[in-house]
Amino acid sequence: MAETRHTRVLIIGSGPAGYTAAVYSARAMLNPILVQGLQPGGQLTITTEVENWPGDTHVMGPDLMVRMEEHARAMGAEVISDYISSLDLSKRPFTAQADSGTTYTADAVILATGAQAKWLGLPSEERFKGFGVSACATCDGFFYRGKEVVVIGGGNTAVEEALFLTNFATKVTLIHRRDSLRAEKIMQDRLFKNPKVEILWNHAVDEVLGTDEPLGVTAVRARHVETGAITDVPCAGFFVAIGHAPASELVKDQLELHHGGYVKVEAGSTRTSIPGVFAAGDLTDHVYRQAVTSAGMGCMAALDAERFLAGED
Ligand code: FAD
Ligand code: NAP
């Protein structure tokens, strides 16, 4: 049923930034409402082991995010399964329209909508999405048991995806457009040592090849970036791991953005170009993009929101 609910602080997003903002603003007695979005727990729910969350040598990404949600709830935050489809920041209280029909009004908003996987933008990639083309090895890797797969990308995500896929696939070819990876050295080391992995350096992917009936992938067409030489790499699965773009769609015409869509915040704070609107995590960070930095910014956003509201009271 359509209803309108008012809150002092509305937090949009349930990754490390959103949940940390919820913990801090709940402890500041601001009774925050957090709307989770389509990916409760955020990006870490599509990975396996996280080895750089302080205090945990190994923790599974989805488990960590369940713990963060429980923590936010235990501190008194209201965590709601819903999706914000539009946001009006032109006047206060700010208004957010949710898919459920609920309208939220808020004195302050913390944006923590994170980032989403980037795609190559090829028509053939679009055609086979869900039928051999994926951006999530954790979600889809199991389907490629005993088959060959290709991963494209050279960052931490691509290397992690490639290593994870070696649990299922007979061979994993990593295609990268340069001759060195940007992934952490420890990850590169594991990749280079894995006998199931082959790397195709200095190649781009021009096309995903496959069949109509059944709809499925049979190979990717790779091109040497300097010589132009073409290599078709046989595979049943093609995993795109070329980074993530900030999820700033909700605010792109309302807030100042920079670096290709990241929400701009004042240096050393989470204040955006509209007073009372704060941004944290991957949505605003084109440099670090880690769980721990996102959580740190979530904390900052809650403290910034608290001070902003106290200044008004
Ligand atoms: P996200 O985790 O991106 O969460 C965004 C949230 O916003 C989601 O809950 C989504 O549902 C919600 N949302 C979006 N739009 C809306 C809307 N309109 N309405 C409501 N909610 C919305 N970092 C590490 O430090 N260590 C790692 O080992 C590590 N491994 C990774 C592995 C993979 C495969 C990936 C993809 C990333 C990894 N990262 C890792 C990076 C880390 O996951 C991110 O830096 C971190 O999750 C960002 O947190 P965030 O809170 O900013 O946003
Ligand atoms: P990323 O670090 O931005 O790397 C993206 C990779 O894709 C780069 O190697 C890039 O090539 C390549 N690429 C980009 N566009 C391309 C295109 N159109 N065609 C072909 N290749 C393309 O992204 P990410 O790996 O998703 O990582 C995002 C953030 O999350 C990073 O900060 C990362 O540290 C973090 N993360 C951390 C962990 C961890 O700590 N274990 C795990 C996963 C992610 P170039 O190198 O040539 O630019």
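Where a number appears in this text, it was derived from the coordinates with a stated rule and is not lab data. The structure presented is a predicted model; accordingly, all values stated were derived computationally and were not measured. Positions of Cβ are backbone-derived with ideal geometry, glycine not excepted, and every protein chain shown enters the neighbour counts.
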Placed amide H near Val133: partners under 5 Å, 5+ positions off or other chain: Phe238
Share, in percent, of DSSP beta bridges within the chain that are antiparallel, nearest 5: 50
Under 5 Å, built H, 5+ apart or other chain: amide partners of Ala115: Ala247
Degrees, to the nearest 10: 61-74 long Cα axis against longest axis of the chain: 10
Alpha-carbon centroid distance for the pair the range 21-92 / the range 172-207, whole angstrom: 32
Solvent-free Debye scattering, log10 I(q)/I(0), computed from the Cα coordinates of the chain at q = 0.15 Å⁻¹: -1.12
Choice from Val59, Val263, Val220 showing the highest fluctuation, given a GNM over the chain with Cα pairs closer than 10 Å: Val59
Stokes-Einstein diffusion coefficient of the range 91-148, Kirkwood radius over Cα pairs, 10 °C, 1.306 mPa s, in µm²/s: 103
Residues with amide H under 5 Å from that of Glu184, placed H, sequence gap 5 or more: Asn156
Tilt relative to the chain, helix 291-312 - C-alpha long axis, 0 to 90 degrees, to 10: 20
Sites Asp232 and Glu49, calculated FRET efficiency, Cβ-Cβ separation with R0 45 Å, nearest 0.05: 0.85
Choice from Leu303, Leu215, Leu191 with maximal GNM fluctuation in the chain (Cα, 10 Å cutoff): Leu215
Å³ per residue enclosed by the Cα convex hull of the range 200-297: 174
Helix axis angle, 16-27 relative to the chain longest principal axis, alpha carbon, degrees: 20
Gaussian network model of the chain, springs between alpha carbon atoms under 10 Å - residue of Gly155, Gly15, Gly55 with greatest fluctuation: Gly55
Cα-based shape type of the range 204-257, given that a ≥ b ≥ c are square roots of the gyration tensor eigenvalues and the cut on a/c is 1.5: oblate
Of every Cα-Cα pair in the range 119-240, the percent that sits beyond 23 Å: 23
